[in-house]
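Report on one structure; see the data block that follows.
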Amino acid sequence: MDLIVSTDALSAFCERAARFDFVTVDTEFLRETTYWPRLCLIQVATDDEAVLIDPLTADFDLKPFFALLANPSVTKVFHAARQDIEIFVKLTGSVPHNIFDTQIAASVCGFGDSASYDSLVRAICKVELDKSSRFTDWSARPLSEKQRLYALADVTYLRDIYRELRHQVEQTRRWDWVEDELATLRSIDTYVVQPEEAWERLKMKINRPRDLAALKVLAEWRERKAQLTDQPRSRIFKDDALYDLAMQRPLSADAFDKLRAVPRGFGRSAAAAEIIELLKAVEAIPKSELPVLPERYRGPSPKGAVGDLIRVLLKSVAEQHGVAARIIATSDEIDALVLDDDADVPALKGWRRKLFGDKALAIKHGRIGLAATRKGVIEFPVTPAEAAE
């Protein structure tokens, strides 16, 4: 079992790995107490070799491995790649070239939504993994034999999973489905959080423009503070506390003591002084320059009968084609297309539109109906006269 702890050994391995069509990659990291994930271990396997790379080793240069990630002639195979790639983007400033995600491939090959690695190992490799080391401290050294075996299993079985899923994708001619999903993983915007856009991830109901202005500046302030100090957002302020501050907008130290979402005495801290200055600036924004509230639909709820019918259609289409429903359309996308025939959602584009989107619009406008049979849900045409009744 190879544990690579020197730049020379890493360089030699990466030179060998570059001769193969693909390598499988996984990482172990810690993130509970930091904003940025702390890389603790890298696992890589080729057809005839599997290694553990220890990034916590002193005077260890990972550049040979980063060069392998950037090599377009070698496919980098991950499972549930997003967090792994986020780590490499932080370290290198770019997304690895030529990536493949077996979780995405599994979702279009009938293995269900967000298939886990161990479930694919069980289904494809006929092996039951020992997952007891999953939540161990990967920053502790030395690594135990059990940890090493666990870590290697995350890339050794991945080789056979990749081959099988690639074969199934080719057999079903669903490469365009996989490519559409991989496009998100390949975009660096997926991993780089711009502080000024941090408010968009907050699912909070805002009714007044000045409240929205306050929420925007507070979310940006928290994001910058979290990135600068390498702390989780929740350690700076939890979401509900941020919302409370945006609604109440305390402008003095004493005003903070009246808020239940912040600890007593916080108003006399340096952070509170920064927040007060931000909120004073919000109060000074002329009414004409305040942000516009997102438009709120005033018609029938997308959660009503039409939306329910389209969700039934989605489940039927997913079962018929052996693909996870989430890959075809999300619940939010169904809501959007109920409200707007031209909604800018994946469900109304490309292969998804052919498979599902056009039928969903036809149901919405009464051109087709659904019926339950012993063989499942079927679609049937509705005449214009019937639709008008």
TODO: Provide Arg16, Arg233, Arg38 in ascending order of the number of other Cβ atoms located within 10 Å of each residue's Cβ, fewest first.
DONE: Arg16, Arg38, Arg233
Task: GluC sites (Glu not before Pro) restricted to the stretch 1-62 and DSSP loop, no more than 15 other C-beta within 10 Å - done: Glu32, Glu49
Task: 222 nm mean residue ellipticity, helices alone, for the chain (DSSP H n ≥ 4; -39,500 (n - 2.57); rounded to 500) - done: -13500 deg cm²/dmol
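Using R₀ = 51 Å, calculate the FRET efficiency as 1/(1 + (r/R₀)^6) where r is the Cβ-Cβ separation of Ile285 and Glu319; round to 0.05.
On the way: r = 52 Å, r/R0 = 1.01.
The computed FRET efficiency comes out at 0.50.
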TODO: Report the normalised scattering of the chain as log10 I(q)/I(0) at q = 0.09, 0.11 Å⁻¹, calculated by the Debye formula with identical scatterers on the alpha carbons.
DONE: -0.74, -1.01
- [ ] Anything in the chain that counts as a DSSP H helix reaching 18 Å or more along its axis (C-alpha) with Kyte-Doolittle mean of at least 1.0? List them, would you?
- [x] 270-283
Task: Low-density loop cleavage sites - chymotrypsin sites (Phe, Trp or Tyr not before Pro) in the stretch 39-102, where at most 16 other Cβ are within 10 Å (DSSP) - done: Phe60
Open item on the list: Over the chain, what is the relative contact order in percent, taking alpha-carbon pairs closer than 8 angstrom and at least six residues apart?
Closed with: 13
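Would you mind telling me the antiparallel percentage of the DSSP bridges in the chain, rounded to 5? Walk me through the numbers on the way to the answer.
On the way: 17 of 26 bridges.
Taking every DSSP beta bridge within the chain, about 65 percent pair in antiparallel fashion.
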TODO: Calculate the length of the line joining the C-alpha centroid of the stretch 97-144 to that of the stretch 236-273, in whole Å.
DONE: 42
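Bear in mind that the values in this text are calculations on the coordinates, not laboratory data. Since this is a predicted model, take the numbers as computed values, not measurements. Cβ: placed from backbone, ideal geometry, glycine included. Neighbour counts: every protein chain shown.
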